Amino acid sequence: MIAFDKLFLMPTSGCKSTKYSAAIPTRARCRLEAYSAIMSIAHEIKHARRVVALTGAGISAESGLGTFRGKDGLWSKYDPALVASIESFTRDPHAFWEFAREIGWIFLTAKPNAAHTALAELETMKRLDYVITQNVDGLHQRAGSKRVIEIHGNAGRIICTRCSAEYATEKIVDRIAREDVPTCDRCGGSLKPDVILFGEPLPKRAFDLALKKVKSADLLIAVGTSLEVYPAASLPEIAKKSGARIISIDSERTGWDDLCDYKVSGPAGEILPRIVQAIRITF
Ligand code: OAD
């Protein structure tokens with residue numbers, strides 16, 4: 001018996017949800033609707049031609065990584081313009097590295113959670129074409145996903161801002177801990193995690209591939225993203241215009257819920273495995 005106590009379907013305008021009699025108590029109705037939405041989403045995935053997932057910080061929340069927005073988000077404690085922009089890095093790499101060290105160590109120890117695993121399983125089942133992720137934690141790959149497009153880079157790599165030499169973060173952790181601003185062995189230039197800071201362009205090849213996949217998808221599943229940062233935020237709308245149906249799995253209401261055909265609200269680590277299970281046992 002699957003418990004749906006924590007899952008709530010958030011109705012959105014134009015959102016598909018089964019209507020139940022008002023005689024059914026609200027909590028039971030929410031559970032029924034969540035169950036119904038999960039079954040409907042499983043059906044959509046099973047019968048779609050090409051499915052892409054677009055993930056954000058929320059999918060890694062259950063791995064212990066913080067999200068950016070919301071009341072406990074990273075940006076409620078730090079001003080991104082001061083610590084996470086290319087302009088601030090260039091002006092004061094010392095302050096940037098202090099911040100990066102403070103938030104960065106968790107990336108080295110975090111493990112994929114059930115939501116990452118569920119997406120990897122969908123790929124293995126040939127039900128998911130690509131994961132497009134705004135995350136830089138590498139957890140999709142560690143969960144077994146092979147087709148991952150990282151549009152904001154990957155914190156597992158460190159690059160030289162002068163000669164573009166590349167280092168594996170785990171190989172130079174001692175130096176990162178020791179040196180104020182780690183520098184390149186080869187040319188002495190300042191090192192920087194290979195992640196996109198505000199004010200930097202997205203990696204062109206990765207974003208072009210993401211656009212191509214989104215345009216050819218007939219189903220896009222967004223997981224754990226507020227979609228407040230462009231150009232990633234434009235991807236669901238582009239998919240919709242190209243004829244795709246849109247699903248959102250997020251623990252909260254977001255500003256773009258109206259775009260969705262289905263929205264299930266709750267922890268991704270609980271919802272995604274249930275969808276995978278529903279695909280396996282039904283249809
Ligand atoms: P946000 O922090 O903006 O949004 C995270 C979303 O995840 C929110 O909508 C939460 O409600 C949801 N969430 C939290 N826990 C969840 C859970 N367990 N299951 C499901 N959903 C959950 O993060 P992003 O949308 O990823 O960019 O932010 C986009 C970009 O803004 C990031 O890539 C980063 C940031 O500034 C750069 O650094 C360039």
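The values are calculated or read from the model by the stated rules, or taken from the named source; none is laboratory data. Everything quoted here is computed from the prediction, not taken from an experiment. Ideal geometry is used to build each Cβ from the backbone, glycine not excepted, and the neighbour counts take in all protein chains shown. Heads up: the accessible areas ignore ligands, DNA and RNA and are worked out on the full protein's heavy atoms, side chains in. Shrake-Rupley method; radii C 1.70, N 1.55, O 1.52, S 1.80 Å.
Scanning region 42-85 for residues that are within 14 Å of the ligand (Cβ to nearest atom), assigned to a helix (DSSP H, G or I) and touching a residue at least 40 places away in the same chain (Cβ under 8 Å) yields A57, G58, I59, S60, A61, E62, S63, P80, A81. Restricting attention to region 256-267, the residues that are more than 9 Å from the ligand (Cβ to nearest atom) and either within 21 Å of S63 (Cα to Cα) or not hydrophobic (A, V, I, L, M, F, W, C) (or both) total 6.
Go through R49, R27, R91 for me and flag whichever is open to solvent by 60 Å² or more (accessible area, probe 1.4 Å), of a type in the set (D, E, K, R) and modelled with pLDDT of 95 or more. Spell out how you get there, then give the answer.
Details: R27 fails: modelled with pLDDT of 95 or more; R91 fails: modelled with pLDDT of 95 or more.
Only one candidate passes the filter, namely R49.
Taking the criterion of being closer than 30 Å to L235 by Cβ and assigned to a strand (DSSP E or B), the residues of region 185-211 that qualify are K192, P193, D194, V195, F198. When the strands (runs of 3 or more DSSP E) confined to region 101-184 are screened for residues that are buried (at least 16 other Cβ atoms within 10 Å of the Cβ), those reaching at least 2 such residues are found at 130-133, 148-150, 153-160.
Hey, among the residues in region 269-283 that are open to solvent by 10 Å² or more (accessible area, probe 1.4 Å) and among the hydrophobic types (A, V, I, L, M, F, W, C), which one's nearest to the ligand (Cβ to nearest atom)? Please lay out each step first, then the result.
Keep residues of region 269-283 that are open to solvent by 10 Å² or more (accessible area, probe 1.4 Å), which gives 269-270, 273-274, 277, 280-283.
Subsequent filtering for residues that are among the hydrophobic types (A, V, I, L, M, F, W, C) retains 281, 283.
Numbers: I281: 23, F283: 25 Å.
Of everything passing the filter in region 269-283, I281 is nearest to the ligand (Cβ to nearest atom).
Within region 212-234, the residues that satisfy the criterion of being over 14 Å from D129 (Cβ atoms) and assigned to a helix (DSSP H, G or I) are A232, A233, S234.
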